[in-house]
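One structure is given below, encoded as structure tokens.
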Amino acid sequence: MRDKSIIQSIEKAAVILKLFNKDEPMLTLHDIHIKAGYTKTTAMRFCNTLCKIGFLEKVYVGKIPYYRLGIELFTIGSQVMHAIDLPSRAKKYLTDISNKLGDNSYLFIERNNQAYCIETVKGEYFIQANTTHIGDVLPLNRGGGPLAILAYMESERQAEVFELLKLSKEKTEALKNRLVRIREKGYSFSSNETYQNTAAIGVPIFNHLGSVVAAFSVGGIEQRFSNERFPEIVKITKEAANNLSREMGLQK
């Protein structure tokens, strides 16, 4: 039975908008007619309306008319991104991580080529000393969260960070190799780099463009990162980061 609270024409228009993607940024009317399953007349009426309100644009390649997503969608999408409150969205995932693992969980972002801790949830095994707090600033080459962000930054941004760190040539090469390994595994691991006798992992969080915007980190005393527990820590943290990335609009 049809839900009378739903406006079907809007639902059908949304179907057309969702046909466009990175692989097919432009579609002909025939493409839309086939993919959406609408008659050509219906598809044309929807496309004309969507063009009028700026959600689609009509362009020509030679003499063939194509449709592509319009600038008005970008404007609306930008407003959505501004409305996203990363710490609020991340809090439920941090809480879930700490509840499942019993360890402290953290949210890091990058600003001015440094890593900022902007949210944290204490675990059952929380220790007051030797731990990161909200507002702490760390270099991007130390700690689970910071390293996870650095590994996935664009190469130009990484070069800026390397220059600011002023490491020796050997240490810079070692760091570059470490970042490659982090990308291969999908997570970072840090031991005794931020505080003595502590360890942490970090997993990147991506936005709708696939750019790294933050990282989840789990940290605690070294003994908590035993070979037996380590796979579980990575699995739970990765799941949380992947879920938040999807919530941020990442499509995989």
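The values are calculated or read from the model by the stated rules, or taken from the named source; none is laboratory data. Since the structure is predicted, the reported quantities are computational estimates derived from the model, not experimental observations. For neighbour counting, all protein chains shown are included, and Cβ atoms are generated from backbone atoms with ideal geometry for every residue, glycine included.
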Seminar exercise, completed: Matching residues in segment 124-138 (within 21 Å of Ile205 (Cα to Cα) and either of a type in the set (Gly, Ala, Ser) or out of contact with any Pro (no Cβ under 7 Å at 6 or more places or on another chain) (or both)) number 6
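Looking only at segment 205-228, filter to residues that are of a type outside the set (Val, Ile, Thr) and part of a strand (DSSP E or B); which one of those is farthest from Leu250 (Cα to Cα)?
Ranking the candidates gives Gly220 first.
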Problem set entry | Search result, residues across segment 38-69 that are in a strand (DSSP E or B), of a type outside the set (Ser, Thr, Tyr) and within 33 Å of the chain's Cα centre (by Cα) | Leu56, Glu57, Lys58, Val59, Arg68, Leu69
For this session: Could you run through segment 15-24 and say how many residues are within 16 Å of Cys51 (Cβ to Cβ) and either at pLDDT below 95 or in a loop (DSSP other than H, G, I, E, B) (or both)?
Result: 2
For this session: May I ask you to list the residues in segment 81-102 that are in contact with a Gly (Cβ under 9 Å, 6 or more places away or on another chain) and either in a helix (DSSP H, G or I) or within 30 Å of Leu165 (Cα to Cα) (or both)?
Result: Met81, Ile97, Ser98, Asn99, Leu101
For this session: Just name the residue that is nearest to Ser217 (Cα to Cα) out of those in segment 101-124 that are surrounded by fewer than 18 Cβ atoms within 10 Å (Cβ to Cβ) and touching a Phe, Trp or Tyr at 6+ places or on another chain (Cβ under 8 Å).
Result: Ile118
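Residues are listed down the side, and each one gets a yes or a no for (1) of a type outside the set (Ser, Thr, Tyr); (2) in a helix (DSSP H, G or I); (3) surrounded by 14 or more Cβ atoms within 10 Å (Cβ to Cβ):
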site	(1), (2), (3)
Phe126	yes, no, yes
Thr132	no, no, yes
Gly135	yes, no, no
Asn141	yes, no, yes
Leu150	yes, yes, yes
Glu156	yes, yes, no
For this session: Could you tell me whether segment 158-177 includes any residue that is in a strand (DSSP E or B) and in contact (Cβ under 8 Å) with a residue 12 or more places away in the chain?
Result: no
For this session: Kindly list the number of the only condition in (1) under 19 Å from Ser245 (Cβ atoms); (2) assigned to a helix (DSSP H, G or I); (3) at pLDDT below 95 that fails for Glu119.
Result: (2)
For this session: Say whether the condition of being touching a Pro at 6+ places or on another chain (Cβ under 6 Å), within 24 Å of Asp96 (Cβ to Cβ) and either of a type outside the set (D, E, K, R) or not assigned by TED's automatic domain parsing to the domain that holds Ile97 (or both) is met by at least one residue in segment 149-158.
Result: yes
Seminar exercise, completed: Scanning segment 165-219 for residues that are surrounded by 13 or more Cβ atoms within 10 Å (Cβ to Cβ), at pLDDT 90 or above and among the β-branched types (Val, Ile, Thr) gives Thr172, Ile182, Thr198, Ile201, Val203, Ile205, Val212, Val213, Val218
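For every residue, the table says whether it meets (1) free of Cβ contacts under 8 Å to residues at least 24 places away in the same chain; (2) out of contact with any strand residue (DSSP E or B) (no Cβ under 7 Å at 6 or more places or on another chain); (3) closer than 30 Å to Lys235 by Cβ.
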site	(1), (2), (3)
Leu19	yes, no, no
Met44	yes, yes, no
Glu72	yes, yes, no
Lys91	no, no, yes
Ile97	no, no, yes
For this session: Could you grab me the full set of residues in segment 135-159 that are of a type in the set (A, V, I, L, M, F, W, C) and within 17 Å of Val213 (Cα to Cα)?
Result: Val137, Leu138, Leu140, Leu147, Ala148, Ile149, Leu150, Ala151, Met153
